[in-house]
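Presented below is the structure to which this report refers.
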Amino acid sequence: MLKRSAAAATALLAGAAPAFAHLDPAAHGSLLTGIAHPLSGLDHILAMVAVGLWAGQIGGRAVFAVPAAFVGTMIGGFLLGLAGVALPAVEPMVAASVLVLGLLVAASVRLPLAAGAGLVGLFALFHGLAHAGELNGAGAATFGLGFVASTVLLHAAGIGLGLGLARFGRTGAALARALGTGTAVAGLALMFG
């Protein structure tokens, strides 16, 4: 049963199409462009939902602290990118975040709160730098506000999924792990595809 669930989750994740294409800020405005940006790439969607799902699996203070660490550090990465700071391997690290976050969910890993927040923060730094690199003429403040709003909503969706699945006991936990496995497989595909 678990193998079939993992296979189904993987097929769904691999076949998911982005919700939006990258929008032109001149035509749609910086805010809408920022809102659409995290929704335009499977890597961003999977990573951000996985952060929320993992936080929901852990429970307690992690439900808010882990996603908050992601959002806060992502904003910091965005500001660093705007200031011209460049780090190597931004896109590979974004893809690696999908793999690692998927594995954390798949194994239902429980880290101390500071370690979990730090780990997602590391990946969030690269997501923020990626957002800064794809500004494409949008106003930085409104673009930033837009992608932060979408990120928070994706985290909330993951949290809701994690907490909802937890209500179904072992079956819900197995489904959450299957979703994590599918996310990790998608991360591998993003890294090597």
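The values are calculated or read from the model by the stated rules, or taken from the named source; none is laboratory data. Quick caveat, the model's predicted, so the values are computed rather than measured. Neighbour counts run over all protein chains shown; Cβ positions are idealised from the backbone, glycine included.
Within the group ARG167, ARG177, which residue is among the charged types (D, E, K, R) and touching a residue at least 24 places away in the same chain (Cβ under 8 Å)? Let's see the steps before the verdict.
Details: ARG167 fails: touching a residue at least 24 places away in the same chain (Cβ under 8 Å).
Every option except ARG177 fails the conditions.
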Number of positions in the range 61-93 that are surrounded by 14 or more Cβ atoms within 10 Å (Cβ to Cβ) and in contact (Cβ under 8 Å) with a residue 60 or more places away in the chain:
7
Considering only the range 147-161, I want to know if a residue exists there that is of a type in the set (Phe, Trp, Tyr) and either surrounded by 16 or more Cβ atoms within 10 Å (Cβ to Cβ) or not in a helix (DSSP H, G or I) (or both).
yes
Close pairs from the range 38-49: first farther than 16 Å from PHE70 by Cα and in contact (Cβ under 8 Å) with a residue 40 or more places away in the chain, partner in a helix (DSSP H, G or I) and not polar (S, T, N, Q), Cβ under 9 Å, at least 6 apart:
LEU39/ILE45; LEU39/LEU154; LEU42/LEU13; LEU42/ALA14; LEU42/VAL98; LEU42/ALA186; LEU42/LEU190
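Return yes or no: is GLY182 modelled with pLDDT of 95 or more and farther than 21 Å from ALA62 by Cβ? Talk me through it step by step, then tell me what you get.
Values: modelled with pLDDT of 95 or more: yes; farther than 21 Å from ALA62 by Cβ: yes.
Against the criterion (modelled with pLDDT of 95 or more and farther than 21 Å from ALA62 by Cβ), GLY182 qualifies.
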Among (1) modelled with pLDDT of 95 or more; (2) surrounded by fewer than 24 Cβ atoms within 10 Å (Cβ to Cβ); (3) not aliphatic (A, V, I, L, M), which single condition is GLY128 missing?
(2)
